[in-house]
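As C-alpha coordinates, the structure follows; a few thoughts come after it.
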Amino acid sequence: MSSQPRMPIESGVPDAIQYMHPLLKKNYGAWAWHERPRPGVLHHVAESGDEVWTVRAGTARQMDVHTIRKLCDIADEHAEGYVRFTIRSNIEFMLSSADKVEPLIEKLAAEGFPVGGTGNSVSMIAHTQGWLHCDIPGSDASGVVKSLMDELYEEFVNERMPNRVRISTSCCQINCGGQADIAINIQHTKPPKINHDLVANVCERPSVVARCPVAAIRPAVVNGKPSLEVDEKKCICCGACFPPCPPMQINDPEHSKLAIWVGGKNSNARTRPTLHKLVAAGLPNNPPRWPEVAGVVKRILEAYQRDARDWERMNEWVERIGWARFFELTDLPFTRFHLDSWKGARSSLNASAHVRF
Ligand code: SF4
Ligand code: SF4
(Lines give C-alpha, C1' and ligand atoms only; values in the text may rest on other atoms or scores of the structure.)
(Ligands and ions follow the chains in the order given, each with its own letter.)
Protein backbone atom coordinates (compact mmCIF):
# COMPACT_ATOMS: atom_id res chain seq x y z
CA MET A 1 0.00 0.00 0.00
CA SER A 2 1.19 3.47 -0.84
CA SER A 3 2.27 5.65 2.07
CA GLN A 4 0.96 8.69 0.25
CA PRO A 5 -2.28 10.02 1.72
CA ARG A 6 -5.16 9.92 -0.67
CA MET A 7 -5.67 13.40 -2.11
CA PRO A 8 -9.11 14.92 -2.22
CA ILE A 9 -10.76 14.96 -5.61
CA GLU A 10 -11.55 18.51 -6.58
CA SER A 11 -15.14 19.10 -7.48
CA GLY A 12 -17.18 22.18 -8.18
CA VAL A 13 -17.06 24.69 -10.94
CA PRO A 14 -13.82 24.58 -12.98
CA ASP A 15 -11.90 27.74 -13.77
CA ALA A 16 -13.76 29.27 -16.72
CA ILE A 17 -10.77 31.16 -18.15
CA GLN A 18 -9.27 28.00 -19.67
CA TYR A 19 -12.41 27.47 -21.79
CA MET A 20 -12.77 31.06 -22.90
CA HIS A 21 -12.62 32.15 -26.53
CA PRO A 22 -9.03 33.49 -27.11
CA LEU A 23 -10.33 36.97 -27.98
CA LEU A 24 -12.35 37.14 -24.75
CA LYS A 25 -9.32 36.00 -22.79
CA LYS A 26 -7.04 38.54 -24.49
CA ASN A 27 -9.42 41.47 -23.91
CA TYR A 28 -10.72 40.44 -20.51
CA GLY A 29 -11.96 43.53 -18.64
CA ALA A 30 -10.91 45.86 -21.48
CA TRP A 31 -13.98 46.32 -23.63
CA ALA A 32 -14.71 49.76 -25.08
CA TRP A 33 -18.33 49.48 -26.21
CA HIS A 34 -20.99 47.10 -27.48
CA GLU A 35 -24.21 47.05 -29.48
CA ARG A 36 -26.94 44.63 -30.55
CA PRO A 37 -27.06 44.51 -34.37
CA ARG A 38 -30.18 42.28 -34.26
CA PRO A 39 -32.07 40.22 -31.64
CA GLY A 40 -29.84 37.42 -30.41
CA VAL A 41 -26.55 38.96 -31.60
CA LEU A 42 -24.14 41.06 -29.52
CA HIS A 43 -21.19 42.93 -30.98
CA HIS A 44 -18.38 43.86 -28.58
CA VAL A 45 -15.43 46.08 -29.46
CA ALA A 46 -12.35 46.02 -27.24
CA GLU A 47 -10.01 48.89 -26.40
CA SER A 48 -7.40 47.03 -28.47
CA GLY A 49 -9.68 47.27 -31.52
CA ASP A 50 -10.54 43.54 -31.47
CA GLU A 51 -14.18 42.71 -32.24
CA VAL A 52 -16.30 39.78 -31.12
CA TRP A 53 -19.80 38.80 -32.27
CA THR A 54 -21.83 36.66 -29.87
CA VAL A 55 -24.82 34.67 -31.12
CA ARG A 56 -27.28 33.60 -28.41
CA ALA A 57 -29.67 30.69 -28.96
CA GLY A 58 -32.37 29.11 -26.83
CA THR A 59 -32.10 25.49 -25.75
CA ALA A 60 -34.45 22.95 -24.22
CA ARG A 61 -32.52 23.43 -20.94
CA GLN A 62 -32.25 19.76 -19.87
CA MET A 63 -30.62 18.19 -22.90
CA ASP A 64 -29.65 14.67 -23.86
CA VAL A 65 -26.08 13.94 -24.87
CA HIS A 66 -26.96 13.85 -28.59
CA THR A 67 -28.29 17.42 -28.50
CA ILE A 68 -25.20 18.63 -26.63
CA ARG A 69 -23.00 16.91 -29.24
CA LYS A 70 -25.02 18.56 -31.99
CA LEU A 71 -24.45 22.00 -30.39
CA CYS A 72 -20.73 21.23 -30.04
CA ASP A 73 -20.54 20.15 -33.70
CA ILE A 74 -22.20 23.43 -34.70
CA ALA A 75 -19.59 25.27 -32.59
CA ASP A 76 -16.74 23.35 -34.26
CA GLU A 77 -18.06 23.90 -37.75
CA HIS A 78 -19.36 27.48 -37.52
CA ALA A 79 -18.09 29.10 -34.34
CA GLU A 80 -14.38 28.52 -33.81
CA GLY A 81 -15.02 25.71 -31.31
CA TYR A 82 -16.11 27.79 -28.33
CA VAL A 83 -19.46 27.95 -26.50
CA ARG A 84 -20.74 29.05 -23.14
CA PHE A 85 -24.09 28.80 -21.37
CA THR A 86 -25.80 31.76 -19.75
CA ILE A 87 -27.46 31.48 -16.34
CA ARG A 88 -30.79 31.14 -18.17
CA SER A 89 -29.54 28.11 -20.12
CA ASN A 90 -29.16 29.97 -23.37
CA ILE A 91 -26.12 28.93 -25.35
CA GLU A 92 -23.71 31.55 -26.74
CA PHE A 93 -21.27 31.14 -29.65
CA MET A 94 -18.43 33.66 -29.98
CA LEU A 95 -17.17 34.69 -33.43
CA SER A 96 -14.19 36.77 -34.51
CA SER A 97 -15.72 37.97 -37.78
CA ALA A 98 -19.08 39.41 -38.85
CA ASP A 99 -19.12 37.13 -41.93
CA LYS A 100 -19.59 34.09 -39.73
CA VAL A 101 -22.78 35.38 -38.03
CA GLU A 102 -25.36 34.64 -40.74
CA PRO A 103 -24.17 31.08 -41.59
CA LEU A 104 -24.25 30.23 -37.86
CA ILE A 105 -27.76 31.65 -37.43
CA GLU A 106 -28.95 29.68 -40.49
CA LYS A 107 -27.46 26.47 -39.13
CA LEU A 108 -28.99 27.02 -35.67
CA ALA A 109 -32.40 27.75 -37.20
CA ALA A 110 -32.16 24.64 -39.40
CA GLU A 111 -31.43 22.52 -36.30
CA GLY A 112 -34.33 24.04 -34.34
CA PHE A 113 -32.47 26.41 -32.00
CA PRO A 114 -34.07 29.89 -32.01
CA VAL A 115 -31.70 32.86 -31.91
CA GLY A 116 -32.80 35.59 -29.50
CA GLY A 117 -33.11 36.22 -25.77
CA THR A 118 -31.24 39.55 -25.80
CA GLY A 119 -32.39 43.09 -24.98
CA ASN A 120 -36.11 43.70 -24.53
CA SER A 121 -37.18 40.14 -25.24
CA VAL A 122 -38.62 37.43 -23.02
CA SER A 123 -35.46 35.47 -22.32
CA MET A 124 -35.38 31.79 -21.37
CA ILE A 125 -37.27 31.01 -18.16
CA ALA A 126 -35.05 30.44 -15.12
CA HIS A 127 -36.33 27.37 -13.39
CA THR A 128 -35.72 24.80 -10.72
CA GLN A 129 -34.99 21.10 -11.20
CA GLY A 130 -38.40 19.48 -10.97
CA TRP A 131 -38.85 15.78 -11.36
CA LEU A 132 -35.44 15.38 -12.94
CA HIS A 133 -33.29 15.51 -9.82
CA CYS A 134 -35.04 16.95 -6.80
CA ASP A 135 -36.89 14.87 -4.24
CA ILE A 136 -39.69 17.26 -3.26
CA PRO A 137 -41.22 18.83 -6.39
CA GLY A 138 -44.96 19.22 -6.79
CA SER A 139 -44.59 19.69 -10.54
CA ASP A 140 -41.99 19.42 -13.24
CA ALA A 141 -39.92 22.46 -14.15
CA SER A 142 -37.68 21.71 -17.13
CA GLY A 143 -40.36 20.06 -19.26
CA VAL A 144 -43.05 22.62 -18.64
CA VAL A 145 -40.58 25.46 -19.11
CA LYS A 146 -39.73 24.13 -22.55
CA SER A 147 -43.47 23.94 -23.33
CA LEU A 148 -44.07 27.46 -22.06
CA MET A 149 -41.17 28.83 -24.08
CA ASP A 150 -42.66 27.16 -27.18
CA GLU A 151 -45.67 29.42 -26.57
CA LEU A 152 -43.47 32.49 -26.08
CA TYR A 153 -41.21 31.74 -29.06
CA GLU A 154 -42.03 34.99 -30.89
CA GLU A 155 -41.17 37.05 -27.81
CA PHE A 156 -37.81 35.24 -27.51
CA VAL A 157 -36.72 35.91 -31.10
CA ASN A 158 -37.96 39.53 -31.13
CA GLU A 159 -37.16 42.48 -28.87
CA ARG A 160 -40.57 44.10 -28.69
CA MET A 161 -41.27 44.32 -24.97
CA PRO A 162 -40.97 47.71 -23.18
CA ASN A 163 -37.98 46.36 -21.25
CA ARG A 164 -36.45 42.94 -20.66
CA VAL A 165 -38.78 40.34 -19.18
CA ARG A 166 -37.50 37.71 -16.77
CA ILE A 167 -39.69 34.74 -15.91
CA SER A 168 -39.00 32.05 -13.31
CA THR A 169 -40.71 28.85 -12.24
CA SER A 170 -40.48 26.94 -9.02
CA CYS A 171 -41.77 23.44 -8.31
CA CYS A 172 -42.16 23.81 -4.53
CA GLN A 173 -43.01 26.80 -2.39
CA ILE A 174 -40.01 26.93 -0.15
CA ASN A 175 -36.68 26.43 -1.81
CA CYS A 176 -35.17 27.59 -5.06
CA GLY A 177 -37.87 29.81 -6.57
CA GLY A 178 -36.58 33.21 -7.58
CA GLN A 179 -37.87 36.75 -7.89
CA ALA A 180 -38.90 37.61 -11.43
CA ASP A 181 -41.06 39.94 -13.49
CA ILE A 182 -43.40 36.93 -13.72
CA ALA A 183 -42.87 34.01 -11.33
CA ILE A 184 -44.80 30.75 -11.51
CA ASN A 185 -44.83 28.82 -8.25
CA ILE A 186 -46.44 25.67 -6.93
CA GLN A 187 -49.03 26.39 -4.29
CA HIS A 188 -50.26 23.61 -2.02
CA THR A 189 -53.83 24.06 -0.86
CA LYS A 190 -54.31 21.17 1.60
CA PRO A 191 -52.33 20.28 4.73
CA PRO A 192 -50.02 17.25 4.53
CA LYS A 193 -51.43 13.72 4.84
CA ILE A 194 -49.44 11.82 7.42
CA ASN A 195 -48.51 8.14 7.09
CA HIS A 196 -48.25 7.40 10.83
CA ASP A 197 -46.70 3.95 10.26
CA LEU A 198 -43.57 5.51 8.77
CA VAL A 199 -42.97 8.71 10.74
CA ALA A 200 -41.02 7.16 13.62
CA ASN A 201 -38.70 5.26 11.25
CA VAL A 202 -38.07 8.02 8.73
CA CYS A 203 -38.37 11.41 10.45
CA GLU A 204 -36.43 13.19 13.14
CA ARG A 205 -39.50 14.53 14.87
CA PRO A 206 -38.04 17.57 16.73
CA SER A 207 -36.52 18.82 13.46
CA VAL A 208 -39.85 18.51 11.71
CA VAL A 209 -41.64 20.34 14.55
CA ALA A 210 -39.05 23.13 14.41
CA ARG A 211 -39.36 23.41 10.66
CA CYS A 212 -42.97 24.59 10.63
CA PRO A 213 -43.17 28.40 10.20
CA VAL A 214 -46.50 28.65 12.04
CA ALA A 215 -45.83 26.07 14.79
CA ALA A 216 -48.65 23.83 13.55
CA ILE A 217 -46.86 20.48 14.12
CA ARG A 218 -46.85 18.64 17.46
CA PRO A 219 -45.44 15.28 18.49
CA ALA A 220 -48.20 12.72 19.01
CA VAL A 221 -48.70 9.01 19.62
CA VAL A 222 -50.98 7.48 17.01
CA ASN A 223 -52.04 3.80 17.20
CA GLY A 224 -49.39 3.30 19.86
CA LYS A 225 -46.60 4.61 17.61
CA PRO A 226 -44.67 7.85 18.01
CA SER A 227 -45.76 10.19 15.24
CA LEU A 228 -46.72 13.80 14.54
CA GLU A 229 -49.95 15.70 14.18
CA VAL A 230 -50.83 18.89 12.36
CA ASP A 231 -53.15 21.61 13.60
CA GLU A 232 -54.89 22.07 10.27
CA LYS A 233 -56.41 25.42 11.28
CA LYS A 234 -52.93 26.88 11.65
CA CYS A 235 -51.28 25.10 8.71
CA ILE A 236 -50.56 27.43 5.79
CA CYS A 237 -49.82 24.46 3.44
CA CYS A 238 -46.27 25.64 2.77
CA GLY A 239 -44.82 22.14 2.33
CA ALA A 240 -41.76 22.80 4.53
CA CYS A 241 -42.39 19.65 6.60
CA PHE A 242 -42.37 17.31 3.59
CA PRO A 243 -38.62 17.43 2.72
CA PRO A 244 -37.38 16.39 6.18
CA CYS A 245 -40.31 13.99 6.63
CA PRO A 246 -41.57 12.38 3.39
CA PRO A 247 -44.38 10.52 5.21
CA MET A 248 -46.00 13.99 5.55
CA GLN A 249 -47.04 13.91 1.90
CA ILE A 250 -48.34 17.25 0.63
CA ASN A 251 -48.06 16.88 -3.16
CA ASP A 252 -51.40 16.13 -4.69
CA PRO A 253 -52.40 15.94 -8.36
CA GLU A 254 -55.58 17.89 -7.71
CA HIS A 255 -54.87 20.11 -4.71
CA SER A 256 -51.33 21.23 -5.58
CA LYS A 257 -52.02 24.24 -7.78
CA LEU A 258 -49.98 26.92 -9.47
CA ALA A 259 -49.80 30.58 -8.56
CA ILE A 260 -48.43 33.48 -10.59
CA TRP A 261 -46.61 36.41 -9.02
CA VAL A 262 -45.67 39.65 -10.75
CA GLY A 263 -43.24 42.52 -10.26
CA GLY A 264 -40.12 40.94 -8.75
CA LYS A 265 -36.76 42.41 -9.70
CA ASN A 266 -33.29 41.40 -8.58
CA SER A 267 -31.27 44.16 -10.15
CA ASN A 268 -30.46 47.59 -8.78
CA ALA A 269 -30.62 49.12 -12.23
CA ARG A 270 -32.51 52.45 -12.15
CA THR A 271 -34.81 51.37 -9.32
CA ARG A 272 -34.31 49.27 -6.21
CA PRO A 273 -34.96 45.50 -6.22
CA THR A 274 -38.57 44.53 -5.45
CA LEU A 275 -40.51 41.50 -4.23
CA HIS A 276 -43.08 40.05 -6.58
CA LYS A 277 -46.76 39.92 -5.54
CA LEU A 278 -49.48 37.32 -6.06
CA VAL A 279 -51.77 37.97 -9.03
CA ALA A 280 -53.32 34.58 -9.86
CA ALA A 281 -53.81 31.48 -7.75
CA GLY A 282 -55.42 28.05 -7.97
CA LEU A 283 -54.38 27.41 -11.58
CA PRO A 284 -54.37 23.70 -12.45
CA ASN A 285 -51.00 21.96 -12.33
CA ASN A 286 -51.37 20.51 -15.78
CA PRO A 287 -48.05 19.25 -17.19
CA PRO A 288 -46.52 18.89 -19.69
CA ARG A 289 -47.98 22.01 -21.36
CA TRP A 290 -49.60 24.01 -18.52
CA PRO A 291 -52.13 25.61 -20.93
CA GLU A 292 -53.96 27.52 -18.19
CA VAL A 293 -50.72 29.02 -16.87
CA ALA A 294 -49.57 29.86 -20.40
CA GLY A 295 -52.87 31.70 -20.96
CA VAL A 296 -52.40 33.90 -17.88
CA VAL A 297 -48.71 34.58 -18.61
CA LYS A 298 -49.55 35.66 -22.14
CA ARG A 299 -52.37 37.89 -20.91
CA ILE A 300 -49.98 39.66 -18.52
CA LEU A 301 -47.33 40.05 -21.23
CA GLU A 302 -49.85 41.46 -23.69
CA ALA A 303 -51.11 44.04 -21.17
CA TYR A 304 -47.53 45.01 -20.29
CA GLN A 305 -46.58 45.32 -23.95
CA ARG A 306 -49.63 47.46 -24.72
CA ASP A 307 -49.60 49.72 -21.72
CA ALA A 308 -46.07 50.15 -20.34
CA ARG A 309 -43.86 53.04 -21.37
CA ASP A 310 -40.55 52.41 -23.07
CA TRP A 311 -37.96 51.04 -20.62
CA GLU A 312 -40.44 50.44 -17.79
CA ARG A 313 -39.76 47.09 -16.11
CA MET A 314 -42.87 45.19 -15.11
CA ASN A 315 -42.72 46.34 -11.46
CA GLU A 316 -42.24 49.98 -12.54
CA TRP A 317 -45.24 49.73 -14.84
CA VAL A 318 -47.45 48.31 -12.08
CA GLU A 319 -46.21 50.92 -9.62
CA ARG A 320 -47.16 53.69 -12.04
CA ILE A 321 -50.62 52.44 -12.96
CA GLY A 322 -51.48 50.86 -9.56
CA TRP A 323 -52.51 47.28 -8.82
CA ALA A 324 -56.22 48.01 -9.36
CA ARG A 325 -55.53 49.03 -12.94
CA PHE A 326 -53.23 46.02 -13.41
CA PHE A 327 -56.11 43.69 -12.57
CA GLU A 328 -58.40 45.59 -14.94
CA LEU A 329 -55.94 45.47 -17.82
CA THR A 330 -55.12 41.80 -17.40
CA ASP A 331 -58.73 40.83 -16.64
CA LEU A 332 -57.59 38.72 -13.71
CA PRO A 333 -59.93 38.33 -10.73
CA PHE A 334 -58.92 40.34 -7.67
CA THR A 335 -59.65 38.55 -4.36
CA ARG A 336 -58.98 39.14 -0.68
CA PHE A 337 -55.98 36.76 -0.93
CA HIS A 338 -54.10 39.37 -2.91
CA LEU A 339 -54.03 41.82 -0.05
CA ASP A 340 -51.46 40.41 2.37
CA SER A 341 -49.02 43.16 3.24
CA TRP A 342 -47.39 40.95 5.93
CA LYS A 343 -48.40 43.49 8.60
CA GLY A 344 -49.72 40.67 10.77
CA ALA A 345 -46.70 38.45 10.21
CA ARG A 346 -45.22 39.23 13.61
CA SER A 347 -48.01 37.37 15.35
CA SER A 348 -49.03 34.90 12.67
CA LEU A 349 -45.60 33.52 11.75
CA ASN A 350 -43.45 31.45 14.07
CA ALA A 351 -41.06 33.87 15.80
CA SER A 352 -39.44 31.39 18.16
CA ALA A 353 -35.69 31.02 18.55
CA HIS A 354 -35.61 27.49 17.07
CA VAL A 355 -32.79 26.99 14.61
CA ARG A 356 -34.28 26.10 11.23
CA PHE A 357 -32.48 24.59 8.32
S1 SF4 B 1 -38.08 24.51 -6.24
FE2 SF4 B 1 -38.27 22.99 -4.61
S3 SF4 B 1 -38.93 21.09 -5.61
FE4 SF4 B 1 -38.16 22.45 -7.21
S5 SF4 B 1 -36.00 21.84 -7.46
FE6 SF4 B 1 -36.06 23.56 -5.96
S7 SF4 B 1 -36.18 22.54 -3.93
FE8 SF4 B 1 -36.70 21.01 -5.51
S1 SF4 C 1 -44.59 23.04 7.72
FE2 SF4 C 1 -46.06 24.08 6.37
S3 SF4 C 1 -47.27 22.39 5.47
FE4 SF4 C 1 -46.20 21.54 7.21
S5 SF4 C 1 -47.66 21.73 8.89
FE6 SF4 C 1 -46.39 23.57 8.96
S7 SF4 C 1 -47.50 25.09 7.77
FE8 SF4 C 1 -48.37 23.06 7.28
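The values are calculated or read from the model by the stated rules, or taken from the named source; none is laboratory data. Since this is a predicted model, take the numbers as computed values, not measurements. Every residue, glycine among them, receives a Cβ derived from its backbone with ideal geometry; neighbour counts consider all protein chains shown. Ligands, DNA and RNA are excluded from the accessible area calculation, which covers all protein heavy atoms including side chains. Shrake-Rupley method; radii C 1.70, N 1.55, O 1.52, S 1.80 Å.
Tabulated data for the structure shown
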read-out	value
J(HN,Hα) series, the stretch 129-141, from Karplus relation 6.51 cos²θ - 1.76 cosθ + 1.60, nearest Hz, glycine and proline x	7, x, 5, 5, 8, 10, 9, 10, x, x, 7, 7, 10
Distance from the stretch 226-243 to the stretch 5-25 (C-alpha centre basis), Å	44 Å
Dipole magnitude of the stretch 199-349, debye to nearest 20 (Cβ charges: Lys/Arg +1, Asp/Glu -1, about Cα centre)	420 debye
Accessible carbon and sulfur surface of the stretch 1-128 relative to its total accessible area, %, 1.4 Å	54 percent
Full-stretch length increase - residue 7, residue 289 - with 0.36 nm per residue and alpha-carbon distance subtracted	96.8 nm
Inter-part distance where the stretch 110-133 and the stretch 163-184 are each reduced to a Cα centre, Å	13 Å
Under the Karplus curve 6.51 cos²θ - 1.76 cosθ + 1.60, θ = phi - 60°, whole-Hz ³J(HN,Hα) for the stretch 310-318, x wherever Gly or Pro sits	3, 6, 7, 6, 4, 5, 5, 4, 5
Accessible area (Å², per residue) of the chain, counting only protein heavy atoms and a probe of 1.4 Å	55 Å²
Derived scalar couplings ³J(HN,Hα) [the stretch 273-281; Karplus, 6.51 cos²θ - 1.76 cosθ + 1.60; whole Hz; x for Gly, Pro]	x, 9, 8, 6, 10, 5, 10, 8, 9
For residue 120, residues with placed amide H under 5 Å, excluding near neighbours	none
Amide H partners (placed H, <5 Å) of residue 227, local residues excluded	220, 221, 222
Cross-link pairs 107/265; 234/298; 25/277; 26/70 - those with Cα-Cα distance over 30 Å	107/265; 234/298; 25/277
Any cysteine of the chain lacking a neighbouring Cys Cβ under 4.7 Å - listed by number	72, 134, 171, 172, 176, 212, 235, 237, 238, 241
